[in-house]
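Encoded as structure tokens, the structure appears first; notes follow it.
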Amino acid sequence: MSAPLEILASHSDSGGVIYYAQDLGMFAAAGLNVNAQASSDPTAVVGAVLSGNAAFSSITIPGLALAHQRGLPITIVAPGAIYSSAAPTAGIVVLKDAPFKKAADLNGKTLTTLDIHNMGYYGAKVWIDRNGGDSSSIKWFEMPENLALGAMQAGRVDAAEVSEPVLDDAVHSPDARLFASCYDAVADRFLISGYFTSVDFARAHPDIVQRFCSVVLRAGAWGNRNHAQSGKILEKYIGVPVPASNTRATYPERVRVADAQPVLDVLVQYGALQKPLRAADLFAPEIHAS
């Protein structure tokens, strides 16, 4: 038997399809021998794939776009999670008694975000600017999302951009409220993350890439329809409880290249990308994306 293909998935609901596919035998049914594991270090995954230590890994669209700008030879081979305005999974939260009522009220304030290179950070900036505020006046502070509520209660920060499951915990606590579903300012639907491999691997193994993509899409369709079962699988792999009340990630059920474009346009708008980038340039031709 050949050595298993190493797959690095995010330590969150957005990476769930990999765990569902492994647990339900979908990879095996497609003739793929894989070893899936959660990765909590997004900065290490590109190096792991380019060095050959992993065949596939999840990555945020901003992360992949910035890697592409640096000339790193990686390419998307399957979609990860999508944002849907029908099931918001990220937002800005404030303390329940905070005086903030409109975007401009946050001008000059201090906000936390997990990472100033992730979509949550850019989504919050877009929402603030498009609703009459000035995101350039805000002092941004990186912080693990599960510490954000405590930081607000201690008076160290004024508001926090968080995602599930922290978002759900915060808005159902007696101390916080949802201030804005900030991703809605980007688009009603857009691709948050994807699975990538090296350009060389995709060219050398187009059949493996196609089967991997097909499994990811099937597992996503199953996950969208089976929240109770998928939550149990997710808990097993990432070691974090997934309450039934949480708003769950939405997974694409087909490859739509255009879903990545709103994110790329925002990255250009805020200077993270030096020039416009077409979404199609990020996807491997081997997966026959539409």
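The values are calculated or read from the model by the stated rules, or taken from the named source; none is laboratory data. The model shown is predicted, which means the values in this text are computed figures rather than measured ones. Cβ: placed from backbone, ideal geometry, glycine included. Neighbour counts: every protein chain shown. Quick note on the areas: whole protein, heavy atoms, side chains included, nothing else; ligands and nucleic acids left out. Shrake-Rupley method; radii C 1.70, N 1.55, O 1.52, S 1.80 Å.
Looking at the stretch 238-290, which of its residues are hydroxyl-bearing (Ser, Thr, Tyr) and surrounded by fewer than 13 Cβ atoms within 10 Å (Cβ to Cβ)?
The answer is SER245, SER290.
Take the residues in the stretch 176-206 that are assigned to a helix (DSSP H, G or I) and touching an Asp or Glu at 6+ places or on another chain (Cβ under 7 Å), then tell me which one is nearest to ALA65 (Cα to Cα).
ALA202
Residues that are free of Cβ contacts under 8 Å to residues at least 40 places away in the same chain, outside any loop (DSSP other than H, G, I, E, B), of a type in the set (Val, Ile, Thr) and under 25 Å from HIS11 (Cα atoms): does the stretch 264-273 have at least one?
No, because not a single residue in the stretch 264-273 is free of Cβ contacts under 8 Å to residues at least 40 places away in the same chain, outside any loop (DSSP other than H, G, I, E, B), of a type in the set (Val, Ile, Thr) and under 25 Å from HIS11 (Cα atoms).
Within the stretch 75-103, take every residue that is under 22 Å from GLY271 (Cβ atoms) and modelled with pLDDT of 95 or more and give me the one that is surrounded by the fewest Cβ atoms within 10 Å (Cβ to Cβ).
Only one residue fits best here, namely ALA103.
Could you please give the count of residues in the stretch 130-160 that are part of a helix (DSSP H, G or I), surrounded by fewer than 19 Cβ atoms within 10 Å (Cβ to Cβ) and touching a residue at least 40 places away in the same chain (Cβ under 8 Å)?
2
Return the pair list, or none, for Cβ contacts closer than 7 Å from residues in the stretch 203-228 that are open to solvent by 40 Å² or more (accessible area, probe 1.4 Å) and among the hydroxyl-bearing types (Ser, Thr, Tyr) to residues that are modelled with pLDDT of 95 or more and not in a helix (DSSP H, G or I), at least 6 apart or on different chains.
Pairs found: SER214/ALA30.
I'm checking my understanding of the structure. Among residues of the stretch 12-69 that are outside any helix (DSSP H, G or I), among the aliphatic types (A, V, I, L, M) and more than 21 Å from ASN224 (Cα to Cα), which one is modelled with the lowest pLDDT?
Going residue by residue through the stretch 12-69, those that are outside any helix (DSSP H, G or I) are 12, 24-25, 30-44, 51-60.
The next check asks that each one be among the aliphatic types (A, V, I, L, M); those that pass are 24, 30, 32, 34, 36, 38, 44, 54-55, 59.
From what is left, the residues that are more than 21 Å from ASN224 (Cα to Cα) are 32, 34, 44, 54-55.
Numbers: LEU32: 96, VAL34: 95, ALA44: 89, ALA54: 96, ALA55: 97.
Looking at residues that are outside any helix (DSSP H, G or I), among the aliphatic types (A, V, I, L, M) and more than 21 Å from ASN224 (Cα to Cα), I get ALA44.
Only residues that are more than 14 Å from SER163 (Cβ to Cβ) and crowded, with 19+ Cβ neighbours inside 10 Å: list them for the stretch 112-126, please.
Passing the criteria: LYS125, VAL126.
Testing SER10 on (1) over 13 Å from the mean Cα position of the chain (by Cα); (2) under 21 Å from LYS236 (Cα atoms); (3) open to solvent by 10 Å² or more (accessible area, probe 1.4 Å), one condition comes back false. Which one is that?
Tallying (1) over 13 Å from the mean Cα position of the chain (by Cα); (2) under 21 Å from LYS236 (Cα atoms); (3) open to solvent by 10 Å² or more (accessible area, probe 1.4 Å), SER10 fails exactly one: (1).
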